[in-house]
1. Can I get the semi-axes of the chain's equivalent ellipsoid? Compute them from the C-alpha gyration tensor as square roots of 5 times the eigenvalues, in angstrom, largest first.
2. What angle do you read, to the nearest 10 degrees and between 0 and 90, between the alpha-carbon axis of helix 63-75 and the longest principal axis of the chain?
3. If you plug each phi of the range 14-31 into the Karplus form 6.51 cos²θ - 1.76 cosθ + 1.60 with θ = phi - 60°, what whole-Hz ³J(HN,Hα) values come out, in order, with x for Gly and Pro?
4. Would you calculate, for the chain, the mean residue ellipticity at 222 nm contributed by helices, counting each DSSP H stretch of 4 or more residues as -39,500 (n - 2.57) and dividing by all residues, to the nearest 500?
5. For the chain, take the longest principal axis of its alpha carbons; what is the angle in degrees between that and the long axis of helix 48-57, to the nearest 10 within 0 to 90?
6. Identify unpaired cysteines across the chain, taking unpaired to mean no other cysteine Cβ lies under 4.7 Å from the residue's Cβ.
7. Can you tell me how much longer the chain between residue 34 and residue 15 gets when fully stretched, taken as 0.36 nm per residue apart minus their C-alpha distance, in nm with one decimal?
8. For residue 6, which sequence-distant residues (separation of 5 or more, or a different chain) have an amide H within less than 5 Å of its own amide H, given hydrogens modelled in the peptide plane?
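Here, each number is a calculation from the coordinates, and none is a lab measurement. As the structure is a prediction and not an experimental result, all values here were calculated from the model. Because the Cβ atoms are built from the backbone with ideal geometry, glycine has one as well, and the counts that use them run over all protein chains shown.
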Amino acid sequence: MSKRGACPICGRRSAGGSDLCDLHLRAELSLEEAYGDWSRAHGGSLPYREFLERVLELSETGWAVKELIRWRMNSA
Ligand SMILES: [Zn+2]
């Protein structure tokens, strides 16, 4: 069993089964779900990186999701 760590984005305690905290884990799940929808809408040809850039520009994107995207881009 590994010891519980801290979220690499905000430093809060990690949620179960992930390095991410509860908040950023939820952000990741909604991001993955959104990518599925966007990808289908683009005929399955939308690169993940481009998807992230587009979501980041949307004003309705939540701040937790934006933090997650910036972190992804920096660590990619
Ligand atoms: Zn976090």
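1. 25, 13, 11
2. Approximately 90 degrees, to the nearest 10.
3. Result, rounded to whole Hz: 5, 7, x, x, 8, 7, 6, 6, 3, 4, 6, 5, 5, 4, 5, 4, 5, 5.
4. Estimated from H runs of four or more residues: -18500 deg cm²/dmol.
5. 90
6. 10
7. 4.7 nm
8. Answer set, sorted by chain and number: 14.
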